[in-house]
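Since the structure comes first, as structure tokens, the remarks are kept for the end.
A short reminder: the numbers here are calculations on the coordinates, not readings from a lab. Just so it is clear, the model here is predicted, and its values are computed rather than measured. Neighbour counts are summed over all protein chains in view; Cβ atoms, including those assigned to glycine, are modelled from backbone coordinates with ideal geometry.
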Amino acid sequence: MQIIHKIPEQYRHQVIKLYTQVLLSGPTANILNEKQCHLMLDQVLNLNFAWAAVDEETLLGFAGYQTLQGSFTGASTPAQLCRTLGFMCFFKLILKDFANYRPLREGEMLHNGLVVAREYRQQGIGKCLLQNMAGLCQQCNYRCLRLDASVSNSVALGLYRSAGYIDEDIKKHRTDTLITMRRYV
């Protein structure tokens, strides 16, 4: 297995396919169809702000982040997304808290997405991606990594805690309750 920072374009389709599987089984399942997911992800993903775990030519998983310089999921504007998806679809995403704004504090890097393909889970890939992200955070002189996760996602919460994240805040949103966690480096 190899861990790559700034995911090469050759993996874009695999990232989109894997992310689509997650979105269609989660909060956007009743809003987006597969084609809309692909269109949206192709438009918003900036692979320069992500890590990938690969084996030969196969993407095993990825983790994205956001800094003041850019974001894994920020390569598009709300207006562009609205044109791509249509107003009603875009509006429903906003109502689902899918596209909420998460401001960065000074000295913080935002972790905004970790996905490991089902067949490669429980092999340490997620933890390895998180460790590489923490290393980048430290190398770039950030104080901490922050993430928001659903309180109902116990598997992810366990992984984050085992990787050194601590619970800091719980907030009820329209459609979910999210926990803010930070890992100080």
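Of the Cα atoms belonging to the stretch 33-119, the radius of gyration and Dmax stand at 14.2, 41 Å.
Give the shape of the stretch 102-158 as rounded, prolate or oblate, defined through the alpha-carbon gyration tensor: a ≥ b ≥ c are the square roots of its eigenvalues, a/c under 1.5 means rounded, and otherwise the shape is prolate if a/b is larger than b/c and oblate if not.
Oblate shape, in that a/c is at least 1.5 and b/c is the bigger or equal ratio.
The gain in end-to-end length when the residue 35 to residue 173 segment is fully stretched comes to 46.9 nm, 0.36 nm per residue minus the alpha carbon separation.
With the Cα gyration tensor of the stretch 1-152 giving a ≥ b ≥ c as the square roots of its eigenvalues, does the rule (a/c under 1.5 for rounded; else a/b larger than b/c for prolate; else oblate) give rounded, prolate or oblate?
Oblate, since a/c reaches 1.5 and b/c is not below a/b.
Sketch the reach of a paramagnetic label on residue 69 as a point 7 Å from Cα along Cα-to-Cβ, and name the residues of the stretch 128-143 whose backbone nitrogen lies under 18 Å away. So the set is 132-143. Under the simplified labelling scheme, the residue 155-residue 143 pair shows an inter-label distance of 3.4 nm, with each label point 7 Å from Cα along Cα→Cβ.
With K and R counted +1 and D and E -1, the other residues having a Cβ less than 13 Å from that of residue 24 yield a net charge of +1.
Judged by the gyration tensor of its Cα atoms, with axes a ≥ b ≥ c, the stretch 89-185 is oblate; a/c meets the 1.5 cut and b/c is at least as large as a/b. The helix-based estimate of mean residue ellipticity at 222 nm for the chain, built from -39,500 (n - 2.57) per DSSP H run of four or more residues and divided by its residue count, is -10500 deg cm²/dmol to the nearest 500. With 21 Å as the limit, the listed pairs 96/171; 127/171; 17/172 have 127/171; 17/172 beyond it between alpha carbons.
In the chain, the sites counted are GluC sites (Glu not before Pro) in DSSP loop states with at most 16 other Cβ atoms within 10 Å, and the longest stretch holding none of them, exclusive of the sites, is 107-185.
Could you give the length gained by full extension between residue 88 and residue 166, i.e. 0.36 nm per residue of separation minus their alpha carbon distance, to one decimal place?
Here the segment from residue 88 to residue 166 would lengthen by 24.4 nm.
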